[in-house]
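As structure tokens, the structure follows; a few thoughts come after it.
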Amino acid sequence: GGRIATDARRNFSNAIRIATLDKAGVMLIFDEDIVAGARASKVSESKLDAFRPINWGLLGEIRIDVHFSDDAASRHDGKLDYRPGFEPRIAVFTLFPGFSNGPMIKNAIDSGACKGIILRGFGSGNISYDYLDGLKAAEEMRIPVIVATQCLEGATKMHLYDVGKQALDHGVIQAYDMSVECYITKLMWCLKQCDCDYDKVRDMMHTNYCGEINKEGKLF
């Protein structure tokens with residue numbers, strides 16, 4: 001058989017090179033691209049350019065010289081704000097035509113074990129009217145519900161349709177343009193940091209901590 005190609009050595013070398021520079025934040029170094037960690041997503045299981053930023057541009061590029069975008073933050077000497085911990089007891093539902101997981105959402109709520117729910121909707125965050133009873137129950141139980149889009153690119157705009165407006169009235173939290181990797185991880189982190197406080201989770205999910213969310217809808 002042929003020899004399996006690998007770019008591990010170059011990626012590792014480039015990662016060390018970037019880590020020595022005066023730039024802050026979590027970054028993914030792959031091929032010649034520098035991707036903000038909170039925007040990175042793997043889009044291929046075999047290509048050597050397997051990662052790309054979702055709903056944002058590259059943080060930088062590695063050529064003969066290293067070029068950073070204006071979004072790349074510089075290091076600072078402020079005190080580290082270290083807030084570890086995640087709440088893993090969440091449920092993630094991916095919607096598809098013909099499947100109503102309204103009862104499943106209700107079961108997750110009634111079990112008492114679920115601390116947060118994510119609905120991966122269609123298009124700009126569209127869901128069925130069948131889910132409204134479940135969303136109302138979640139609101140009454142003070143369990144935060146995030147609605148996101150299944151699309152790789154784009155953002156939720158739930159105010160565009162009547163069912164979306166009703167969902168928002170029942171306390172649904174839009175994921176806006178966050179990637180699936182980001183909003184799942186962020187929800188688990190927010191729940192842990194605020195001891196599952198319903199109102200605080202909303203504020204934290206919509207706080208831009210490291211360039212992971214853009215509520216204004218400016219897409220790249």
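Flag set for residue 138, criterion: modelled with pLDDT of 90 or more and part of a helix (DSSP H, G or I). If the condition is being open to solvent by 60 Å² or more (accessible area, probe 1.4 Å) and without any contact (Cβ under 8 Å) to a residue 60 or more places away in the chain, then region 22-52 contributes 22, 32, 42, 45, 46, 47, 48, 49, 52.
For (1) touching a residue at least 12 places away in the same chain (Cβ under 8 Å); (2) open to solvent by less than 10 Å² (accessible area, probe 1.4 Å); (3) in contact with a helix residue (DSSP H, G or I) (Cβ under 9 Å, 6 or more places away or on another chain); (4) part of a helix (DSSP H, G or I), each residue gets a yes or a no:
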| residue | (1), (2), (3), (4) |
| --- | --- |
| 146 | yes, yes, yes, no |
| 156 | yes, yes, yes, no |
| 165 | no, no, yes, yes |
| 191 | yes, yes, yes, yes |
| 199 | no, no, no, yes |
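Scanning region 93-132 for residues that are open to solvent by 40 Å² or more (accessible area, probe 1.4 Å), part of a helix (DSSP H, G or I) and at pLDDT below 90 gives 103, 104, 106, 107, 110, 130. Taking the residues in region 41-54 that are of a type in the set (Ser, Thr, Tyr) and in contact with a strand residue (DSSP E or B) (Cβ under 9 Å, 6 or more places away or on another chain) as candidates, determine which candidate is modelled with the lowest pLDDT. In this case the residue turns out to be 44. Considering region 61-88, the residues that are free of Cβ contacts under 8 Å to residues at least 40 places away in the same chain and surrounded by 10 or more Cβ atoms within 10 Å (Cβ to Cβ) include one that is farthest from residue 33 (Cα to Cα), namely 69.
Within region 112-153, being among the β-branched types (Val, Ile, Thr) and within 16 Å of the chain's Cα centre (by Cα) holds for 117, 118, 145, 146, 147, 149.
Scan region 69-107 residue by residue and report those that are out of contact with any strand residue (DSSP E or B) (no Cβ under 6 Å at 6 or more places or on another chain) and aliphatic (A, V, I, L, M). Hits for region 69-107 are 73, 80, 104, 105.
Comparison of 19, 38, 15, 24 shows that the only residue that is touching a His at 6+ places or on another chain (Cβ under 9 Å) and either modelled with pLDDT of 95 or more or of a type outside the set (Val, Ile, Thr) (or both) is 24.
Here is the figure for region 169-189: residues that are buried (at least 16 other Cβ atoms within 10 Å of the Cβ), more than 14 Å from residue 143 (Cα to Cα) and not hydroxyl-bearing (Ser, Thr, Tyr) total 10. Among residues of region 201-220 being open to solvent by 60 Å² or more (accessible area, probe 1.4 Å) and in a helix (DSSP H, G or I), the one that is farthest from residue 140 (Cα to Cα) is 203.
The values are calculated or read from the model by the stated rules, or taken from the named source; none is laboratory data. Computed from a predicted model, the values in this text were never measured in an experiment. Methodologically, a virtual Cβ is constructed for each residue, glycine included, from the backbone with ideal geometry; neighbour enumeration extends over all protein chains shown. In case anyone asks, the SASA skips ligands and DNA or RNA and just uses the protein heavy atoms, side chains included. Shrake-Rupley method; radii C 1.70, N 1.55, O 1.52, S 1.80 Å.
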